[in-house]
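One structure is given below, encoded as structure tokens.
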Amino acid sequence: MAKSADIPFARDSSSFFISWISMLMVFIATLILATALITHDSVKNWHKDIAGSLTVQIPSYDSDGKKRGELLQSDIETALTIIRSADGVLGATVLSDTQMDSLMAPWLGEHITTTELPLPKLIDVTIDTKNLPDLNQIKADLSEQVPMAILDSHRIALSKLITLAQNIIRLVGVVLILILISLAFSIMFVTKSGLKVHQKVISLIHMMGAGDFYITRQFANRSFYLTLIGGIIGFLIALPVMMFFAYYLNNLTGSFILNATLTHEQWGILTCIPVLAAVLSYLTAFKTVWSDLKRSL
């Protein structure tokens, strides 16, 4: 049986190309997957922020500083009807004067009643965390029928941000698939080129008794190790880039908006990228050589 050294891969300049393309692909894949993982965690935190309950404010006084009286009560009833009829809302109640006093006590003190102050009436809305309501629709309905009502605006902004983040995650998934396809095609073309370069040597060791599986395995092993080495280098280059952007984002936005910190499990996922790239390279090279040898028989 022929030995692996019988195929002179050291003379093949494609070795540099495999390592280089693997390094580049793993570098890009690591950065965008890290971005997807950070975005996914942020989406979960934002979901918690818009889940549970929200408030609707209805001013007790008009723009001239006069009590709105019966008009206020009419607005409250209309707002309650709109909110309670919305899909994803479990309930809505108006905070009583006693509840308002307790709510404002840390700022106003225990001896001041809120009825003496021009504070708005608050409606506490309980949300179904598994079926979030359409806040934009609720806001539109309130604006039409109760113009003075104010819905928690930051929750609407977070809802839009969640939609944007989810689209980014989907886009990252598509990009990762394209990277894998590009890597597979690159390995396939390089392997085909290697087959042509070493055609005479392959024919010779074939006549000496080397089987198709042996020859195929030599090409596949070579692709695996070159891709693994290039992938590890690409991953190591990506680390300082990730740390720089994590530091920058945490200082720019704060952890409340975007927490650019990876968990141990997420680091484990990222470290698998070079190995997965090497496995894909092995399978691609194996399939390419095996099919080519079978056709040449």
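The values are calculated or read from the model by the stated rules, or taken from the named source; none is laboratory data. Just so it is clear, the structure is predicted and the values come from calculations on it, not from any experiment. Glycine gets a Cβ as well: all are built from the backbone with ideal geometry, and neighbour counts include every protein chain shown. We work out accessible area using only protein heavy atoms, side chains counted, and drop any ligands, DNA or RNA first. Shrake-Rupley method; radii C 1.70, N 1.55, O 1.52, S 1.80 Å.
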Revision key, fill the gap. Using a 1.4 Å probe on heavy atoms of the protein chains only, the accessible area for Val241 in Å², nearest 10, reads 40
Review point. What figure in square angstrom, to the nearest 10, would you give for the accessible area of Leu31 with a 1.4 Å probe?
Key: 40
Practice item. Using a 1.4 Å probe and ignoring any ligands, DNA or RNA, find the accessible area of Arg68 and quote it in Å² to the nearest 10. Key: 30
Revision key, fill the gap. Heavy-atom accessible area with a 1.4 angstrom probe orders Arg84, Arg295, most exposed first, as Arg295, Arg84
Point to revise | Amide H partners (placed H, <5 Å) of Ala92, local residues excluded | key: Thr126
Review point. Label Asp97 and Ser193 with points 7 Å out from Cα along Cα→Cβ: what is the distance between them in nm?
Key: 8.5
Review point. Given the pairs Lys200/Lys287; Lys67/Lys139; Lys192/Lys294, which are separated by over 19 angstrom at their Cα positions?
Key: Lys200/Lys287; Lys67/Lys139
**Study point:** By accessible area with a 1.4 Å probe, ligands and nucleic acids excluded, highest first: order of Met100, Met148
**Key:** Met148, Met100
